[in-house]
2 protein chains.
Amino acid sequence: MNGKKRLGKHTVCLETPPSVLSMACAAGKKEGEGPLRQSIDIVCTDDLQGQDSWEKAESFLLRQAFQKALDKASVDAGAMDILFTGDLLNQCVGSTFGLRESNIPHYGLYGACSTMAESLSLAAMCIDGGFAARAVAATSSHYCSAERQYRLPLDYGAQRAPTAQWTVTGAGTVLLSETGSGPYITHVATGAIVDAGITDASNMGAAMAPAAYDTLSAFFKETGMGPECHDLIVTGDLGTIGLQIVRDLFRDDGIELGDRYNDCGAMIFDCAVQDVHSGGSGCGCSAVVLCAHILPQMRAGAWKSVLFCGTGALHSPVSAAQGDSIPGVCHLVRFSSMLS
Amino acid sequence: MNGKKRLGKHTVCLETPPSVLSMACAAGKKEGEGPLRQSIDIVCTDDLQGQDSWEKAESFLLRQAFQKALDKASVDAGAMDILFTGDLLNQCVGSTFGLRESNIPHYGLYGACSTMAESLSLAAMCIDGGFAARAVAATSSHYCSAERQYRLPLDYGAQRAPTAQWTVTGAGTVLLSETGSGPYITHVATGAIVDAGITDASNMGAAMAPAAYDTLSAFFKETGMGPECHDLIVTGDLGTIGLQIVRDLFRDDGIELGDRYNDCGAMIFDCAVQDVHSGGSGCGCSAVVLCAHILPQMRAGAWKSVLFCGTGALHSPVSAAQGDSIPGVCHLVRFSSMLS
């Protein structure tokens, strides 16, 4: 009876695939100057947004994305049964404080930059399991709050390594429902922690890429649906370096991911001209690309099957200072424009 | 079809209640000198346990509890389908690093001190929803890692307020299974964030008590099972002050919780003689009391129905320094010795 939806160690197949009800995102000035400038719902002109701290600005960003998603679906917060959120800030105050007035039963998550996929996974399983009719998945990140927490306050003007990525100032919210016109979440693959021994906190792409390979290759095997079955395979925030590592790891298996594979960190910025080095990162990176680009494109008919793979680096400044390596994780959600 | 297991805004009723397969805990020297000294599985005599940092000691503690739970159930980690963990440390490195080698598909959580109940809730729903046959819920906290992160390094010898609580050095792991001889998880009530406006980070009990009241009173209404239907109602770490506030809030509603109500923070220490002021706190507090005392007592037939209510304060040192209030949350899990 139980465990019946499991296809293998990582992948579950949802019996009644939940539908996206609506999605919305808000992002910073720099993100609004990138390739997605036309499709981000709310672009702020001032990254502090009238708040008195970067942390509060991040919470404000999430609140805007959440409200916009509700507005698009013409529902109020009371119509949502359950809320899954998380972010990068210590004790997840970005999302907790952002939505503390929503009064929706709430599970807080910590999946680092994989949070959009983690929250979608749990929200989808909650609906398919019969525990909720409507669920919210939401996350945020902010360049300024992340830099001062993980690295140095911006005022120090520290130089960034060529492998470094740029934390996205952005937030995304997806509302899922038991019924709707799609895209649908048909499969969820939960990642195990993969620690490849990388200790360079300026090279997160390398730290997370093995986890992305691990979850994706498990998904291909467990479902029997290889890369060729999907129109887009997208990782969360490996950036240009991590993206290449994933390509190489699959190439070693004789699998060419080809043009159908991309990374949100490489899609959100024009890396060559926006001075973001290896690309975007942060919970907001995959959240904004999903809500501004991927789901709208699916609704427009551009793609039928998309593997959305949130990637996270599970270290902390303290663990890094203590010389420990950076464990990675990758959670995969398959979106399909059809119910299978 | 979906949302069918919902009894109300907060409470879901599990169709096929998952069973506790085994539980185990490890705790520090001080905890081993308290009222539960005879029933804690592993008591360490040195809180650093041969590790080179408090954070690593916390991870080690969790690893011990996890391994002990596997041993008790005579299974290895590969038998577990999914793992839910979280802790208080920034970026949850206590639990992530503790179990990063387990190779079990993993969802990281941040529910502050409510994590034992949050992880049990999600693990139970995962099994009942058909997504896993066996799931792990685990969490940890450590007095020394928590003090230096939330307050001051111990070496400063700071004086503690009378309302302050003592973060438990301890970790707990519960293995759940689709079948077994109990105790069973029959209901889960997910808390919404409740912010009563408390800004005193030395009085967490007062900050979290309104959330405990909120979730418990919703559970009573939504199930029709009032306090009199349960042998034990236990909050996670409100301590002696928060416990009294919960009693008072229910008294205002004409409900006497009486002797059946207690708090893990008041149970784990002998508050009068162990110099812990208002009692124990931290993720490990409710985890250790659950694994060392509550579940074994249920198996021994002492209690048939227990409401285990994990309480969490969702602030951070940064949010506190910025003058913000402390939001609370409370997640409830009902354990029953019967399948209903």
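What the table below lists for this structure:
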{"read-out": "Estimated distance in nm for a label pair at residue B:272 and residue A:251, the labels positioned 7 Å out from Cα along Cα-to-Cβ", "value": "7.3"}
{"read-out": "Cα-based shape type of region A:30-106, given that a ≥ b ≥ c are square roots of the gyration tensor eigenvalues and the cut on a/c is 1.5", "value": "oblate"}
{"read-out": "Prolate/oblate/rounded label for region A:157-256 (Cα gyration tensor, a/c 1.5)", "value": "oblate"}
{"read-out": "Mean accessible surface per residue for the protein assembly as shown, computed with a 1.4 Å probe while every protein chain stays in place, in Å²", "value": "31"}
{"read-out": "Nearest-to-axis residue of chain A, judged by beta-carbon position, where the axis maps A onto B, in Å", "value": "A:129, 1"}
{"read-out": "Cα-based shape type of region A:266-340, given that a ≥ b ≥ c are square roots of the gyration tensor eigenvalues and the cut on a/c is 1.5", "value": "oblate"}
{"read-out": "Net charge of neighbours whose Cβ lies under 13 Å from the Cβ of residue A:236, counting Lys and Arg as +1 and Asp and Glu as -1", "value": "-3"}
{"read-out": "Probe 1.4 Å, all protein chains present, accessible-area order of B:120, A:48, largest first", "value": "A:48, B:120"}
{"read-out": "Share of carbon and sulfur in the accessible heavy-atom surface of region A:94-142 [1.4 Å probe, %]", "value": "36"}
{"read-out": "Those trypsin sites (Lys or Arg not before Pro) in region B:23-131 that DSSP places in a loop and that have at most 13 other beta carbons within 10 Å", "value": "B:29, B:37"}
{"read-out": "DSSP bridge orientation in the protein assembly as shown - percent antiparallel, rounded to nearest 5", "value": "65"}
{"read-out": "10 Å Cβ neighbours from other chains, averaged over peptide A:188-195", "value": "6"}
{"read-out": "Cut-off 14 Å between beta-carbons: net charge of the residues surrounding residue B:45, Lys and Arg +1, Asp and Glu -1", "value": "-1"}
{"read-out": "Interchain or long-range residues, amide H under 5 Å from residue B:187's placed H", "value": "B:14, B:334"}
{"read-out": "Kirkwood Rh, Cα atoms: Rg over Rh of region B:198-249", "value": "1.01"}
{"read-out": "Cα centroid separation, region A:268-331 to region A:55-84 (Å)", "value": "21"}
{"read-out": "Charge sum, other residues only, whose C-beta stays under 15 Å from residue A:329's C-beta, Lys/Arg counted +1 and Asp/Glu -1", "value": "-3"}
{"read-out": "Nearest-first distances (nm) between copies at residue B:33, label 7 Å from Cα via Cβ", "value": "6.0"}
{"read-out": "Contour minus Cα-Cα distance for residue B:46 and residue B:228 (0.36 nm per residue)", "value": "61.3 nm"}
{"read-out": "Helix-only mean residue ellipticity at 222 nm for chain A, each DSSP H run of n ≥ 4 adding -39500 (n - 2.57), per residue, nearest 500", "value": "-9000 deg cm²/dmol"}
{"read-out": "Rounded FRET efficiency, nearest 0.05, which uses the C-beta distance separating residue B:300 from residue B:179 and R0 of 30 Å", "value": "0.90"}
{"read-out": "Antiparallel bridge percentage (DSSP; both residues within chain B; nearest 5)", "value": "65"}
{"read-out": "Residue-span extension gain [residue A:202 to residue A:259] - 0.36 nm each, minus C-alpha spacing", "value": "17.8 nm"}
{"read-out": "Within straight-line cross-link reach of residue B:68, aspartates and glutamates at Cα separation under 14 Å, skipping those fewer than 8 residues along the same chain", "value": "B:41, B:76"}
{"read-out": "Chains B and A, summed buried accessible surface - 1.4 Å probe, Å², nearest 100", "value": "5500"}
{"read-out": "Per-copy distances of the residue A:199 label point, shortest first, in nm (7 angstrom along Cα→Cβ)", "value": "4.3"}
{"read-out": "Computed Kirkwood radius, in angstrom, where 1/r is averaged over Cα pairs of the protein assembly as shown", "value": "24.3"}
{"read-out": "Cross-link table A:5/B:56; A:5/B:72; A:30/A:56; A:5/A:221; B:5/B:221, entries beyond 25 Å C-alpha to C-alpha", "value": "A:5/B:56; A:5/B:72"}
{"read-out": "Label 7 Å beyond Cα on the Cβ vector: residue B:45 copy-to-copy distances, nm", "value": "6.9"}
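The values are calculated or read from the model by the stated rules, or taken from the named source; none is laboratory data. This one's a predicted model, so the numbers in the text were calculated from it and none came from an experiment. When we count neighbours, we look across all protein chains shown, and the Cβ atoms used for this are built from the backbone with ideal geometry, even at glycine. Ligands, DNA and RNA are stripped out before the accessible areas are found, and what is left, the full protein with its side chains, is counted by its heavy atoms. Shrake-Rupley method; radii C 1.70, N 1.55, O 1.52, S 1.80 Å.
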